[in-house]
Amino acid sequence: MSEKARGRPRAYDPEVALWQALETFWANGFSRTSLDALAAATGMNRPSLYAAFGDKKSLYLKSFECFAGQLHAALDNAAHSEAPLEATLRDFYRDAIEIYMSGPDGPRGCFIICTAPAEAAMDADIRAALKAALAEIDKGLEVPFAKAKAEGRLPPDADTAALARLAASVLHSLAVRARAGETKEALHALARQTVQSLC
């Protein structure tokens, strides 16, 4: 009998469990999410949870990485878009707003922007993860601006890094405003105004 056959099969899917933990952190924030809540969400007892993911902060950071992976994919799509800058930004904001409004119990904003800042002030690891994510957003959004500048769709002296940071700042504002209860229509209106101003 092989070692694999003798071993006890896992009673959970790590990816599913990680997403369930992410959803719990997203709804409640880091501090208000208990180990009992994480165990209930993942269907795992505490020892199994620790064995699979480490302590609560380790699980949060793994959840952060999971969400950041989706963010990276969205930025990659924007970077490789063949559409004009205006359409690329419009689609990027539209997709973000859909995510921000998609909570099972109401609008929840962005996992990163709505859970990490409160902890970043006191935790160096979370602060570093947040800083890296913000930098990735800035860098990723600069690509379509730089492409538009190279194509002559923006002035030759356009500061693409500054424009990208402004676009990112509005993205973060949309996340907070969604969490605060603004309507989807209001968020889309802000996104449209931003695209018109930046393009």
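The values are calculated or read from the model by the stated rules, or taken from the named source; none is laboratory data. Please read all numbers here as calculations on a predicted model, not as lab measurements. Because the Cβ atoms are built from the backbone with ideal geometry, glycine has one as well, and the counts that use them run over all protein chains shown. These accessible areas exclude ligands, DNA and RNA; they are computed on the full protein's heavy atoms, side chains included. Shrake-Rupley method; radii C 1.70, N 1.55, O 1.52, S 1.80 Å.
Taking the stated definitions as given, is Ala168 out of contact with any Phe, Trp or Tyr (no Cβ under 9 Å at 6 or more places or on another chain), under 21 Å from Ala83 (Cα atoms), modelled with pLDDT of 95 or more and open to solvent by less than 40 Å² (accessible area, probe 1.4 Å)? Yes: the conditions hold for Ala168.
Here Asp36 fits the description: charged (D, E, K, R), at pLDDT 90 or above, under 30 Å from Ala121 (Cβ atoms) and assigned to a helix (DSSP H, G or I). Taking each residue of the stretch 132-145 that is touching a residue at least 60 places away in the same chain (Cβ under 8 Å) and within 17 Å of Glu65 (Cα to Cα) and looking for partners that are surrounded by fewer than 17 Cβ atoms within 10 Å (Cβ to Cβ) and acidic (Asp, Glu) with beta-carbon atoms closer than 9 Å, six or more apart or interchain, yields Gly140/Asp76. Listed by position, the helices (runs of 4 or more DSSP H) enclosed by the stretch 82-199 include none that has at least 2 residues that are of a type outside the set (Asp, Glu) and on the phi > 0 side of the Ramachandran plot.
Look at (1) touching a residue at least 40 places away in the same chain (Cβ under 8 Å); (2) among the hydrophobic types (A, V, I, L, M, F, W, C); (3) open to solvent by 20 Å² or more (accessible area, probe 1.4 Å) and you find that Leu85 fails only one, number (3).
Among the residues of the stretch 156-165, those that are without any contact (Cβ under 8 Å) to a residue 12 or more places away in the chain and either over 16 Å from Cys199 (Cβ atoms) or open to solvent by 70 Å² or more (accessible area, probe 1.4 Å) (or both) comprise Pro156, Asp157, Asp159. Taken over the stretch 96-118, the criterion of being modelled with pLDDT under 95 and either more than 16 Å from the chain's Cα centre (by Cα) or more than 17 Å from Gly181 (Cβ to Cβ) (or both) is satisfied by Pro104, Asp105, Gly106, Ala118.
Among the residues making up the stretch 13-32, those that are in a loop (DSSP other than H, G, I, E, B) and either touching a Phe, Trp or Tyr at 6+ places or on another chain (Cβ under 9 Å) or not polar (S, T, N, Q) (or both) are Asp13, Gly29, Phe30, Arg32. Considering each residue of the stretch 100-121, count those that are surrounded by 20 or more Cβ atoms within 10 Å (Cβ to Cβ) and aliphatic (A, V, I, L, M), and give that number. Qualifying residue count for the region: 3. Picking from residues in the stretch 15-64 that are without any contact (Cβ under 8 Å) to a residue 12 or more places away in the chain and closer than 18 Å to Gly109 by Cα, the one that is surrounded by the most Cβ atoms within 10 Å (Cβ to Cβ) is Asn28. Within the option set Lys4, Lys62, Lys57, being in a helix (DSSP H, G or I), modelled with pLDDT under 90 and not hydrophobic (A, V, I, L, M, F, W, C) holds for one residue only, Lys4.
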